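Quick note: the coordinates plus some simple rules give every number you see, no bench work behind them. Bear in mind that the values here come from a model prediction, so they are computed numbers and not experimental data.
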Amino acid sequence: MAAHAAVPTRRHFSTHGWGFPVATGVLYGLYAATVARQGGPTTLGQLWLGIVSAVVLAGGLYALRRHGHRLPRELRAAAWGSLTGIAVGFLFSLSGASVLSSSGLGLTIAGVAGAGAYYLFYTHEDAAGRPAPY
């Protein structure tokens, strides 16, 4: 009996998994640095703020898109709502708004986004949590 080595298969290049999170993270980081600038000159701290903001948001988006389907629809909707609310509240806080108003806006956006995500997941899944066949 001859032993044969398995022929390696080529993987197709696809940006489906990381293209959206990276693009959204870059735009978010640029916007965060612009808001923090407040019309003054650009500084190294603002550049780092934009880079860290972009990496954190892109990482959160990638993790939710990649592994979010393993969560029940309630937790997945809460995760999407939390990520959205935190992102919006943080950007609002960079504009010089108070902590209370930034938190309030973030919680409001998180609630609306979480409710919208829950509705989307609830109407597009069957009772077992699998995507509904169309």
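With the contact rule set at Cα under 8 Å and sequence spacing of 6 or more, what percent relative contact order holds for the range 22-70?
Across the range 22-70, relative contact order equals 49 percent.
For Glu125, list long-range residues whose amide hydrogen, built 1.01 Å from N in the peptide plane, is under 5 Å from its own amide hydrogen.
Residues meeting the criterion, in which the H sits 1.01 Å from N, are Ala132.
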